[in-house]
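Single-structure report; data block below.
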Amino acid sequence: MELLESPIRKYAWGSHNAIATLQGRSAPTADPEAELWMGAHPASPSRLAVSGTPLTDAIAADPVTLLGAANVERFGPRLPFLLKVLAAAKPLSLQAHPTLEQARAAHAAGHPSYVDAWHKPEMLVALTDFDALCGFRDPAAASRDLAALGVARLKPIVDTLSQSDPAVALHDTVQGLLANPDAELVADVVAACRPRTAERPAYDLVVSLAAQYPGDSGVIVATLLNRIRLRPTEAVWMPAGNLHAYLRGVGIEIMAASDNVLRGGLTPKHVDVEELLRVLRFEVLDEPVTRPNVLGPGLFAYPVPIADFTLHRAVVDPAVPAVRLPGGGPRIVLCTRGSIRVDDGAVPVTLKQGQAAFARAGRPELSLSGSGEAFQAATP
């Protein structure tokens, strides 16, 4: 095992407390800390703590040893996943990610919204209560919420949402709102919602988002999505084309190692409505929340239908003094609570809360002991 030193990304929506507290540093921090990146993404790679070598450089020097021949053949000489701690104190943008085929074609064509040729499916597991918007809800329910406001200028949107085909209703509504932004309409909707926030969750959502992004049509688009609150260890899976936004909380995020993000609103960053509409999947997501599978005492899995990554959670304590984490490819283990000894059969390390380590391919299953909680990101 090789201890990692991993970078922290500082964005305006980040927390002044969460990541610092996890790592045992003093808080609040001077700047908001949004994401702790653990991996080999070229934008912010981890470093091997002993040598100071960026993980990207170590992989480039000997990809087969670190990643395994099968992974190099499938993904090239790159770590195909990125593990993060995400700490959201304010809402993030409305966004979605492309399929692998879409990313490759658009990047090859030089599309400015694509920074690489990879997809970015992702999963978030809550460490604290975590509020998010994930996937479209029944457009008829959204139509009822908006109609009940009695805002005359909303009638065309209400009528569009009431179409018999949910996919058409969602597509036409999102296109109309984002392609033709109307700050006055947003202001009318916010004014109608403000005295009625206790009546329906959608009204409270509109008012809270408008406080951050006044006049942004994404405020109304947000009412079309499932608003969820994850409890610790619960997760959301966000495949390509899933419209989503994180609102508040701390979680473990794992994704394919890409930075392709298509934004539609609720952000000062670049918005590409045309491309977002092209990649979105306009389908109702009835149950966005997923829960882990129990594999054995102290061992839990979060299965996903892709080959880029797997995620496991392990808990060791006096009742379960040891857990073996499956896997033989490249792995990153993050301790999120307590102190855990991780043995890869060669050079064991003890991880304190907030520390992570890298295991190269070919090492046996990792053996965990001590007292605490850890997450393992790996290839299947």
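The values are calculated or read from the model by the stated rules, or taken from the named source; none is laboratory data. Since the structure is predicted, the reported quantities are computational estimates derived from the model, not experimental observations. FYI the Cβ positions are ideal-geometry reconstructions off the backbone, even for glycines, and counts take in every protein chain you see. For accessibility, only protein heavy atoms count, side chains too; no ligands or nucleic acids. Shrake-Rupley method; radii C 1.70, N 1.55, O 1.52, S 1.80 Å.
Looking at the chain, how many pairs of lysines come closer than 26 Å at the Cα, when each pair is eight or more places apart or spans two chains?
11
Would you work out the charge dipole size for the stretch 1-156 about its Cα centre, treating the Cβ of every Lys and Arg as +1 and the Cβ of every Asp and Glu as -1, and quote it to the nearest 20 debye?
540 debye
Along the charge dipole of the stretch 23-171, which of His107, Thr56, Val151 sits closest to the positive end, that is, farthest toward it, with unit charges on the beta carbon of Lys, Arg, Asp and Glu (+1, +1, -1, -1)?
Val151
What's the ranking of 88-99, 196-207 by average number of surrounding C-beta atoms within 10 Å, highest first?
88-99, 196-207
Please list log₁₀ I(q)/I(0) at q = 0.15, 0.17, 0.18, 0.22 Å⁻¹ for the stretch 1-140, using the Debye equation with identical point scatterers on the alpha-carbon positions.
-0.97, -1.17, -1.24, -1.38
Each residue of the stretch 123-134 in order: what ³J(HN,Hα) in whole Hz does its phi give by Karplus 6.51 cos²θ - 1.76 cosθ + 1.60, θ = phi - 60°, with x for Gly and Pro?
Taking θ as phi minus 60°, the curve returns 10, 10, 10, 6, 9, 10, 3, 9, 9, 8, 10, 8 Hz for the stretch 123-134.
Normalised by the number of residues in the stretch 277-380, what is the relative contact order in percent for Cα pairs under 8 Å and 6+ residues apart? Mind showing how you got there, number by number?
Details: 238 pairs, mean separation 32.4, N = 104.
Relative contact order comes out at 31 percent.
Roughly how many Å is it from the Cα centre of the stretch 16-66 to that of the stretch 91-150, as a whole number?
First find each Cα centre; the distance between them is then 26 Å.
Just going by the charge dipole of the stretch 133-280, with Lys and Arg at +1 and Asp and Glu at -1 on Cβ, which of Val261, Ala187, Ser164 is farthest out on the positive end?
Sorting the options by dipole projection puts first Ala187.
Quick one: P(r) of the stretch 222-380 from all Cα-Cα pairs, 10 Å bins, percents rounded to integers, in order of increasing distance.
Histogram of Cα-Cα distances, whole percents per bin: 9, 33, 31, 18, 8, 0.
Please compute the Cα-Cα pair-distance distribution of the stretch 246-304 with 10 Å bins starting at 0, giving whole percents from short to long.
Using 10 Å bins, I get a P(r) of 14, 32, 38, 12, 4 for the stretch 246-304.
Per residue, how large is the accessible surface of the chain? Use a 1.4 angstrom probe and give square angstrom.
Details: 15270 Å² over 380 residues.
Heavy-atom accessible area per residue stands at 40 Å².
Could you give the dipole magnitude of the chain about its Cα centre, charging the beta-carbon of Lys and Arg +1 and that of Asp and Glu -1, in debye to the nearest 20?
On the way: 34 positive and 39 negative charges, 145 e Å.
Here the size comes out at about 700 debye.
With the Cα gyration tensor of the stretch 198-283 giving a ≥ b ≥ c as the square roots of its eigenvalues, does the rule (a/c under 1.5 for rounded; else a/b larger than b/c for prolate; else oblate) give rounded, prolate or oblate?
oblate
Can you work out ³J(HN,Hα) from phi for every residue in the stretch 50-59, in order, using Karplus 6.51 cos²θ - 1.76 cosθ + 1.60 and θ = phi - 60°, giving whole Hz and x for Gly and Pro?
5, 8, x, 6, x, 4, 4, 5, 4, 5
Grab the DSSP H runs of the chain that are 4 residues or longer, score each as -39,500 (n - 2.57), total them, divide by all residues and round the 222 nm result to the nearest 500 deg cm²/dmol.
-7000 deg cm²/dmol
Where the only charges are on Cβ atoms (+1 Lys, Arg; -1 Asp, Glu), what is the dipole of the stretch 61-107 about its Cα centre, to the nearest 20 debye?
Numbers: 5 positive and 3 negative charges, 46 e Å.
Dipole magnitude for the stretch 61-107 comes out near 220 debye.
May I ask you to give the percent of accessible area on the stretch 95-244 that is carbon plus sulfur, with a probe radius of 1.4 Å?
Of the solvent-accessible surface of the stretch 95-244, carbon and sulfur hold 53 percent.
With the cut-off at 38 Å, report for the chain the share of all Cα pairs above it, as a whole percent.
Value for the chain: 21 percent of Cα pairs lie more than 38 Å apart.
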